[in-house]
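**Q** Starting off with a structure, shown below.
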Amino acid sequence: MADKKQKNSLYKELNDLFDKLLESRDEKLKGVEELKKKITDKLDKEISELYAKKDFIRDIWSKREHLRKQRVSVLKSILRNSLLTNIRYLVSAPFIYAMFIPTIILHIFLEIYHRICFPLYGIGLVRAREYFVFDRAHLPYLNWLERFNCFYCSYFNCLISYAKEIGGRTERYWCPIKHSKVLKDQHSSYDKFVDYSDGEKLRRKWKEIQKIGE
């Protein structure tokens with residue numbers, strides 16, 4: 001009788017173990033499928049972007065001569081402007097181009113913080129190539145000053161977007177609490193934050209919220 005009970009108990013343990021193994025297998029297979037889908041979606045997106053870029057470059061290349069004829073020289077642009085407009089541009093030039101120096105300084109210190117602190121916190125690094133785009137400098141209908149201005153505007157605004165993402169991930173790690181008022185322009189991590197008055201959820205979910213991948 002005792003042997004029968006022991007055998008039944010052993011069978012039950014084996015069945016439970018088998019069920020757990022099946023459950024673990026299913027969970028792992030599900031994880032593999034999800035990872036496969038993410039990789040496939042990412043590859044499809046990158047391939048689509050490459051095709052779009054290829055078509056764009058081919059289109060621009062085929063029209064380059066026509067577009068080049070639309071270029072207006074710097075001198076001609078100045079002569080086309082009114083005297084008052086040229087004076088305004090001349091007076092503002094030192095102020096707008098002087099901003100390049102603090103912008104470079106901001107970028108340097110931002111990158112130092114980003115590269116050192118994010119790995120220490122376990123936060124995924126922000127991919128700069130997804131934020132910095134300088135394609136307008138290749139347009140053949142722009143003169144050299146217009147190209148430089150386009151590069152300058154692109155760099156500054158792309159840096160702000162890049163800094164916003166770094167700042168957003170930092171805020172998600174250290175203070176993932178929504179403001180009491182609705183923000184006009186939210187960063188990509190803001191939806192993960194807990195509500196302003198929900199301290200209980202903050203304590204319960206904080207560690208989970210802090211897991212930030214690339």
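The values are calculated or read from the model by the stated rules, or taken from the named source; none is laboratory data. On a predicted model such as this, the values are computed, not experimentally measured, just so you know. Cβ coordinates were reconstructed from backbone atoms using ideal geometry, including for glycine residues, and neighbour counts include every protein chain displayed.
**Q** So which of SER197, SER188, SER180 is exposed (fewer than 14 other Cβ atoms within 10 Å of the Cβ), out of contact with any helix residue (DSSP H, G or I) (no Cβ under 7 Å at 6 or more places or on another chain) and touching a residue at least 12 places away in the same chain (Cβ under 8 Å)?
**A** When all the criteria are applied, what remains is SER180.
**Q** Is it the case that HIS107 is in contact with a Leu (Cβ under 9 Å, 6 or more places away or on another chain) and of a type outside the set (A, V, I, L, M, F, W, C)?
**A** yes
**Q** Go through segment 136-169 residue by residue and tally those that are within 24 Å of VAL194 (Cβ to Cβ) and touching a Phe, Trp or Tyr at 6+ places or on another chain (Cβ under 8 Å).
**A** Residues in segment 136-169 being within 24 Å of VAL194 (Cβ to Cβ) and touching a Phe, Trp or Tyr at 6+ places or on another chain (Cβ under 8 Å): 4 in total.
**Q** A further question follows. Among the candidates PHE56, PHE18, which residue alone is surrounded by 10 or more Cβ atoms within 10 Å (Cβ to Cβ), over 30 Å from ARG147 (Cβ atoms) and either in contact with a strand residue (DSSP E or B) (Cβ under 6 Å, 6 or more places away or on another chain) or at pLDDT below 75 (or both)?
**A** Every option except PHE18 fails the conditions.
**Q** So ILE166 passes all but one of these: (1) in contact with a Leu (Cβ under 9 Å, 6 or more places away or on another chain); (2) exposed (fewer than 13 other Cβ atoms within 10 Å of the Cβ). Which condition number does it fail?
**A** Every condition holds for ILE166 apart from (2).
Okay, residues lined up against (1) hydroxyl-bearing (Ser, Thr, Tyr); (2) touching a residue at least 60 places away in the same chain (Cβ under 8 Å); (3) loosely packed, with under 14 Cβ neighbours inside 10 Å:
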site: ILE96; (1), (2), (3): no, no, yes
site: LEU106; (1), (2), (3): no, no, no
site: ILE112; (1), (2), (3): no, no, yes
site: PHE118; (1), (2), (3): no, no, no
site: TYR131; (1), (2), (3): yes, no, no
site: TYR152; (1), (2), (3): yes, no, no
site: ASN157; (1), (2), (3): no, no, yes
